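*Asks:* This structure is in C-alpha cells; I'll ask about it shortly.
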Amino acid sequence: MSKFLTTTALVLVAGSAMAADIGAEITVDIEENAAGDWGATTSFDLGLSASSGVASMDFVVDGDGDVALDEYAIGTEIAGATLSFGDQGNAWIDSEDGATLADPDMAESFMVSAEGATMAFGWTDIGADATDLSNVQGKYGMSMMNGMAHVEAAGDYNFNTEEYVFGGRVDAFLSESLAAGGAVTYGSADETIGFEVDATVAGITAYLNGDQDEMAQNVGGSYTYDLNGIELGAGVNYNIDAEEMKPTASISFAF
C-alpha cells in the first residue's frame with residue numbers, strides 16, 4: 001500500500017509540475033549519540049500544491065546512505081476543507097522538547113481539516129486489515145485578541161486500549177520579537193499530567209518541562225539564524241535528573 005501511494009504521489013508531482021507550486025527542503029540534524037560520537041541525519045521534504053490536489057513526502061537518509069520514506073500524504077481541497085490520507089503524523093499540539101508531554105502515535109490515517117479544526121482516524125495496520133481503526137484524534141485552534149494570543153485543544157481516544165489523552169496549548173505574542181507559551185497533557189493510561197513552558201526573545205527560545213511529580217525535569221534552548229536562505233540552528237537540552245547535557249545542531253535549505 002505504501003509503495004503504491006508513493007508511486008501515485010510521484011506521478012501526481014510529475015504530471016502537475018508545470019501548473020503546481022512545488023516546495024522542497026533539505027535538513028541535516030547533528031547530535032551526539034550514545035557512543036559519544038556526533039552523528040548526522042539527513043532528511044528531504046517534498047511538497048506539492050496543485051488544482052488536482054496536494055501531496056507531500058518526507059525521506060530520511062540513514063548512516064549507511066539508504067533512503068527510506070518516513071512520512072507521506074496525498075489529499076485534495078473541497079469547499080475550503082483539506083482531506084488527506086497517508087502516514088502523516090498526528091493531529092496534536094506543538095512543543096519545543098515534549099519529553100514530559102503525552103504525544104499519542106498515529107500510523108496511516110485519514111484527516112479532515114477546516115476552519116482551524118482537524119479530525120483524524122488512524123489504522124492499526126492498514127496493510128493487514130483496512131477495517132481495524134486504532135484511534136481517533138481531534139484538534140481545534142483559534143486566535144484571539146487580534147492575533148496576540150492563540151489557543152489549541154486536542155484529544156485522542158484509542159479503540160484498542162480504551163485509553164484517552166487530552167492536551168492544550170496557549171501562546172501569547174507580546175511583540176514581534178517576544179512570545180511566550182505553555183502546553184499541558186493528561187493521559188488516562190499513566191494518569192500523568194505533563195507540562196512545558198517556553199519563551200522566545202529575539203529568536204532565542206528557552207523551555208522548561210516536568211510533570212505533577214517532578215516539576216523540573218528538562219531545561220533547554222535553541223536558536224535559529226537565516227544566512228542567505230540557509231537556516232542554521234543550534235540547541236541544547238539539560239536533563240536535571242540524569243545531569244546530562246545534549247547539544248544539537250542543524251542546517252536547513254528550502255527551495
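The values are calculated or read from the model by the stated rules, or taken from the named source; none is laboratory data. Worth saying up front: this structure is predicted, and the values here are computed from it rather than measured. Backbone-built Cβ (ideal geometry, glycine too); neighbour counts: all protein chains shown.
*Asks:* For the subset of segment 94-117 comprising residues that are surrounded by fewer than 20 Cβ atoms within 10 Å (Cβ to Cβ) and closer than 30 Å to residue 220 by Cβ, which member is nearest to the chain's Cα centre (by Cα)?
*Replies:* Selected residue: 94.
*Asks:* Answer yes or no as to whether residue 103 is in a loop (DSSP other than H, G, I, E, B) and farther than 30 Å from residue 188 by Cβ.
*Replies:* no
*Asks:* Sticking with this structure for a sec: Only one of 71, 77, 31 is part of a strand (DSSP E or B) and more than 30 Å from residue 181 (Cα to Cα); which?
*Replies:* It is 77.
*Asks:* State which residue is farthest from residue 151 (Cα to Cα) when the search covers only segment 182-219 and only residues that are in contact (Cβ under 8 Å) with a residue 40 or more places away in the chain and more than 21 Å from the chain's Cα centre (by Cα).
*Replies:* Across segment 182-219, the extreme among qualifying residues is 217.
*Asks:* Output the residues belonging to segment 107-160 that are charged (D, E, K, R) and either part of a strand (DSSP E or B) or at negative phi (or both).
*Replies:* Within segment 107-160, 108, 125, 129, 132, 139, 152, 156 qualify.
*Asks:* Out of the residues in segment 159-181 that are in contact with a Gly (Cβ under 9 Å, 6 or more places away or on another chain) and free of Cβ contacts under 8 Å to residues at least 60 places away in the same chain, which is surrounded by the fewest Cβ atoms within 10 Å (Cβ to Cβ)?
*Replies:* Only one residue fits best here, namely 177.
*Asks:* Tell me, yes or no, whether segment 188-198 has at least one residue that is charged (D, E, K, R), assigned by TED's automatic domain parsing to the domain that holds residue 93 and surrounded by 14 or more Cβ atoms within 10 Å (Cβ to Cβ).
*Replies:* yes
*Asks:* Can you pull out the residues in segment 181-199 that are in contact with a Leu (Cβ under 7 Å, 6 or more places away or on another chain) and closer than 18 Å to residue 141 by Cβ?
*Replies:* Passing the criteria: 183, 185, 196.
*Asks:* Let me ask something additional. Going by what's in this entry, would residue 132 be described as in contact (Cβ under 8 Å) with a residue 12 or more places away in the chain and in contact with a strand residue (DSSP E or B) (Cβ under 8 Å, 6 or more places away or on another chain)?
*Replies:* Spelling it out, it is not the case that residue 132 is in contact (Cβ under 8 Å) with a residue 12 or more places away in the chain and in contact with a strand residue (DSSP E or B) (Cβ under 8 Å, 6 or more places away or on another chain).
*Asks:* Still on this model: Of all residues in segment 1-47 being hydroxyl-bearing (Ser, Thr, Tyr) and modelled with pLDDT of 50 or more, which is farthest from residue 246 (Cα to Cα)?
*Replies:* It comes out as 43.
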